Amino acid sequence: MDAISNPSSKTYGQHWSPQKVAEMFAPSDEAITETEKWLLSEGVTSEQISKTSGRNWIKVSTTIGKAESLLGATYYVYENEDGVQLVACESYNVPAAIQGHIDLVAPTIQFDERDARVITRRGLERRDQGNGGRWKKLPPNGPPYGRRPDELKNCSVATTPACLRALYDIPKNVKPAKGNSYGIVEFAPQSYNQDDLNTFFTVYGDGKIANGTSPIFNGIDGGFLSTESGSGIRGESNLDLCYAMALTYPQNVTLYQVGDSVIWNPATNNNFLDAIDGEYCTTGGGDDPDWDAIYPHDAGSPGAYTGQPMCGVYNATKVISVSYGSNEDARPASYRARECAEYLKLGLMGVTVMFSSGDTGVAGLRSQCVKDDGSYTPVAADYGKFNPLFPGTCPWITSVGGTALPPNTKTINSHTQEVASYNFGSGGGFSNLFSLPSYQSRAIASYYAHHDPGYNASRYNNTRAVRGYPDVALASHDYVTGLDGGFMAFSGTSASAPTFGAMIALINGERMKVGKGPVGFVNPVLYAHPEVFKDVVEGKNPGCGTEGFKAVEGWDPVTGLGAPNYERLKRVFMALP
C-alpha cells in the first residue's frame, strides 16, 4: 500500500488489478492442508468439510456437541438488555500447530453487544448502528433567517451547500469526467425520498439541479426503499444525498442501497463489500451468520429479499462514503482485522473509502464506556475506559471528524477559523487493535511530544504505538436537509464524511480529465501535506466523565489534521503522477 499511496514513491498511483489483489491474499496450500488434517483427525468426515471458491474459508457442517469438543468451548444463547440474542461462547482453543493458519472461527466469541446474559442455547443476531447525530425541524421554506440560498451570514446556525463551498473553496458546476461517480452507502431501512431531494434542490440547487435528479441506484440484496416518513427512516440517506449531489453536480452520484425490510437480520458492511468485490463473498471475509444478513430471506416477510447473496455485481466507485459504525471491541480482533484488510484491498485497487468518526466523543455507541471487566457501562456513565469506534480505527480508511463555526460568526470564507464540534463530541481517540501506520507515525509522535492528553492506561491505549483517529474534520452542525416536504437541520460526522468525499470525487474527476488515475488511498498524501489543512486548535470531545481529548496545534484525536482546503488539496494531487 505504501508503494502506491506514498507521494514520494516512484510507483505512486500504480494501483493493482482485482486479480493481483486476490492472488496476493490467497492462503497457502499448507494452511488449508494442515487445517483439514486436524479436522479429519478429530473425527470430522471429508463430506462435512467444504471450502469456499476463494479457499479463504473452510466450512464444517457439524453438531453443537462436536463443535464444543473440537474447540474446547461451551455454546449458549446470550441476550442483552434490549432483547437481542446471539449464539456464542466465551472462549475457544485450537491446537498450537495450526493457530498460525486460522484468523477466526465463527460462531464463537463474536459479541455485538456487551452485558448479555445466558438464556438458552439458540438465538439470533443484530447489525451495526449508524452515526446519525442531532436534528431540529425548520420552517417549511427553510431556515427563518434569510431566504437566499447563497447567503453566508447565517452559516453558524444553518449549514448549506453555499456555506461549505465558501468555507472549503469547493467550486460549483464543475464539468464532469466521463466514468467518474461518487458512491454513498445506505443500509435499509434508511431510505432517501425523491420528493425530499426535489424540495432541497429547488432552494439549494443553485438553479441548476432539476426536479427528478436522482442518484444512480445500485440495489444490493433487495435494495429496499421504505415508503415511511420521518427522520428515523429518511434522515441519514436524505442528508448524505442532498450534499453529495449538490456539491458534485453535475458529476454522477451512485447510491448503494443495501439490504431488505427484514429488520431482525439486516445487512452489514460485509453484505455491501460482497457486492463490489466478488472475491469477498467467499474469501477474506465471507458472510458470517453471527453478524451478517444471510440470504435468501423468508418470502413470507413483506419486502424480503429471496434471492442469492449478490456477489461482485457492481464496480466500486473510486470514492465511497459510509456513515455507519460500531464499537471496535464489539467483535473479535480477528474479525475486525479481516474487514479492515478488505478496505486495504480496495485502496490497492484505487478506491478511497471514508467513514464518519462518530458522535459520542471518546465514548462508544450510546455514549457507553468500558468497565474494567470489559463489559459496558450504563448509557452516558461518568466513568470507564474510552471506547473507540470501528471502522474509524482501521488504518486503511479515512476517518472524518466534525468541526463547527464559532457561535455568531456572521461572514465566512476559506480563512474563517473553525472549532471542534460542540453540539456533540466528535468521535476520536486511539485504537486498541490496530498498530500505528507508518504514514501517521510522525504526526502521532509530534502530538505526544508537545501535548500531554492527561490520562494513563486506565483510560485509553496510551502506548503511542497504535492508530489514532480521525484523520480530518469538516463542518458538522445543522446541515439543512429536505425531509417530509419541508426542512430539518442535522448535526453529526455523518454530514462531514460525505462533504469530504465530494471534494475527493471532484479531484478524481480533474485527474481523469488529464489522463491520470484516481487518488485511491489518500491518507499518506494528507499526512505528508499538512499545509493543505486549516488547523483546528479549539474544542474537545468529552465522554466517560472526562473532557476527552483537546484540539491542539497539529494532528489531534478530535479534529485530526484539521479542515481541508479544496484548491490546495487539488494542487497537491494534480502534481502527482
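State which entries of Lys20/Lys345; Lys178/Lys570; Lys208/Lys318 exceed 21 angstrom in Cα-Cα distance in the structure shown. Before the final figure, lay out each step's value.
Working: Lys20/Lys345 10 Å; Lys178/Lys570 19 Å; Lys208/Lys318 25 Å.
Distance filter (> 21 Å) returns Lys208/Lys318.
In a simple Cβ point-charge model (Lys, Arg +1; Asp, Glu -1; nothing else charged), the chain has a dipole of about 1820 debye relative to its Cα centre.
State, as an integer percentage, the relative contact order of the chain based on alpha-carbon contacts under 8 Å between residues 6 or more apart.
Numbers: 1389 pairs, mean separation 105.2, N = 577.
Relative contact order comes out at 18 percent.
With all protein chains in place and a 1.4 Å probe, the accessible surface of the chain carries 51 percent carbon and sulfur.
Residues of segment 203-266: accessible area per residue at 1.4 Å, in Å²?
Per residue, segment 203-266 has 34 Å² of solvent-accessible surface.
Here's how it looks for Lys534: its modeled amide H is under 5 Å from those of Ala563, Asn565, which are all 5 or more places away or on a different chain. Give me the 1.4 Å probe accessible area per residue for segment 4-78, excluding ligands and nucleic acids, in Å². Normalised by residue count, the accessible surface of segment 4-78 is 58 Å².
Toward the positive end of the charge dipole of the chain, with +1 on the Cβ of Lys and Arg and -1 on the Cβ of Asp and Glu, the farthest Cα among Thr411, Ala337, Ile58 is that of Thr411.
Left without a cysteine partner by the 4.7 Å Cβ rule in the chain: Cys89, Cys242. Which one of Asn423, Val400, Pro437 has its Cα pushed farthest toward the positive end of the charge dipole of segment 383-494, where Lys and Arg give +1 and Asp and Glu give -1 at the Cβ? Farthest along the dipole direction, towards plus: Pro437.
Charged side chains reduced to their Cβ positions (Lys and Arg at +1, Asp and Glu at -1) give segment 461-577 a dipole of some 500 debye around its Cα centre.
Largest first, the residues Glu34, Glu236, Glu538 sort by 1.4 Å accessible area into Glu538, Glu34, Glu236.
From largest accessible area down, sort His451, His477; use a 1.4 Å probe on the protein chains.
Values: His451 45, His477 15 Å².
From most exposed to least exposed: His451, His477.
Computed over segment 271-429, the alpha-carbon pair-distance distribution with 5 angstrom bins reads 2, 8, 13, 15, 15, 14, 13, 10, 5, 3, 1, 0, each value a whole percent.
Of the DSSP beta bridges with both residues in the chain, give the percent that are antiparallel, rounding to the nearest 5. Expressed as a percentage, antiparallel bridges in the chain total about 55. Binning the alpha carbon pair distances of segment 295-339 at 5 angstrom intervals from zero yields the distribution 5, 14, 11, 13, 21, 25, 10, 1, expressed in whole percent. Normalised Debye scattering of segment 183-310 at q = 0.11, 0.16 Å⁻¹ gives log10 I(q)/I(0) of -0.41, -0.79, counting only Cα atoms as equal scatterers and leaving out solvent.
Sorted by accessible area (1.4 Å probe), largest first, how do Ile216, Ile233 line up?
Details: Ile216 75, Ile233 25 Å².
The ordering from most to least exposed comes out as Ile216, Ile233.
At the residue level, Ile263 shows approximately 140 square angstrom of accessible surface with a 1.4 angstrom probe and all protein chains present. When you work out D = kT/(6 pi eta Rh) for the chain at 25 °C and 0.890 mPa s, using the Kirkwood radius from C-alpha pairs as Rh and the Stokes-Einstein form, the result is 101 µm²/s. In segment 463-577, a dipole from Cβ-located charges (positive for Lys and Arg, negative for Asp and Glu) runs towards its positive end, and of Pro557, Ser476, Leu506 it is Leu506 whose Cα lies farthest in that direction. For segment 235-241, putting each phi into the Karplus relation 6.51 cos²θ - 1.76 cosθ + 1.60 with θ = phi - 60° gives couplings of x, 4, 5, 4, 4, 4, 6 Hz, in residue order, rounded to whole numbers and with x for Gly and Pro. A 1.4 Å probe, protein heavy atoms only, puts the accessible area of Thr227 near 130 Å².
The values are calculated or read from the model by the stated rules, or taken from the named source; none is laboratory data. Because the structure is a prediction, the values reported are computed rather than measured. Backbone-built Cβ (ideal geometry, glycine too); neighbour counts: all protein chains shown. Protein only, heavy atoms only, side chains kept; ligands, DNA and RNA dropped before computing areas. Shrake-Rupley method; radii C 1.70, N 1.55, O 1.52, S 1.80 Å.
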